[in-house]
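What follows is a single structure, written as structure tokens, with notes after it.
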Amino acid sequence: MHRPILTFPFFIFSCLLLSIQADTDPLPDTVTLDLEGGGIVSGQLLKETDNTLWLDIGVEVLKLSKDKAFIREGQENTAPRETHSASGEKTAPPRKRQSVEAWVDSLGKGVVEIHSRSGQGSGFILSEDGLVMTNYHVIAGDRELTVTVFQQEQGTLQRTLYKNIRILASDPKRDLALLKIMDELEAPLIPLAFGSANDMKTGETVFAIGSPLGLDRTVSRGIVSLSDRIIDGQVYLQATAQINPGNSGGPLFNLKGEVIGVNTLKLMRVGIEGMGFAVPVESVQLFLDKRNAYAFDPLNPNTGFHYMNPPRKTNTLP
């Protein structure tokens, strides 16, 4: 006959063990990270925050910055959030942060080249039905525009030129313009998703895709210098990613593959490098939300709402 005092502690221990097993999550799957310098490391992903990964590699736990390490595609253990294009349509949800190399092929399909009689610039696709964003100064004073879309088909680059382009809205102050491809589309367009310039921190990696000097699909990478630089009363995102004539109107991306700004200007004095500026995506979204206020009038090249100066105060003294 067993004494109760011997079975009681065992019963408590068994219940406690079952409770611990029920409350403990299963071990995370092994993931592979690509490091910025070209290295590879694999292990169990223990914890993830907005900026940091903790990886158990067996002998120790590594703490890695997301700016320097990228989870390989298809290995994320959390569902990506749903995003929308500027027109409100659902788009493919952005993946976790990846290296620039992992993004350029897919994002390049959403970047276009724009030509006018006076010059050339870049732009990007906002919707599957042909809405395109660019800079006002790329199309200013001209209505005869063309848009070139780049797509990969069976490993071969295909260029599709659209010549029937309509200007829907323009804002000279913010240097933004909204275009619409009116031609019948030869292939589905790939809209890009918006992120947030306000969430960008100084030092975070960004990259641009555009057509500087007519060299299409050119990629440049840099970091955020300041997310809220004031120039002539307008807010810009300042970054070190190289932009040159022809980059104007093209997108600036974060490492989630989201558009955070529209590249619009740079300082070009002798001895100055790496000082580019983009219109924050929040300003772009405001322009799109209120685009009726900036609707293009073909009879008035200085389109949009204009306000008359207030009457000057006259001297009423005798």
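The values are calculated or read from the model by the stated rules, or taken from the named source; none is laboratory data. Keep in mind that this is a model prediction, so the values were computed, not measured. Note: ideal-geometry Cβ built from the backbone for every residue, glycine included; neighbour counts use all protein chains shown.
For (1) surrounded by fewer than 21 Cβ atoms within 10 Å (Cβ to Cβ); (2) assigned to a loop (DSSP other than H, G, I, E, B), each residue gets a yes or a no:
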position: 199; (1), (2): yes, yes
position: 209; (1), (2): no, no
position: 216; (1), (2): yes, yes
position: 219; (1), (2): yes, no
position: 225; (1), (2): yes, no
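Residue check: residue 244 meets all listed conditions (1) buried (at least 23 other Cβ atoms within 10 Å of the Cβ); (2) outside the structural domain of residue 136 (by TED's automatic domain parsing) but one, namely (1).
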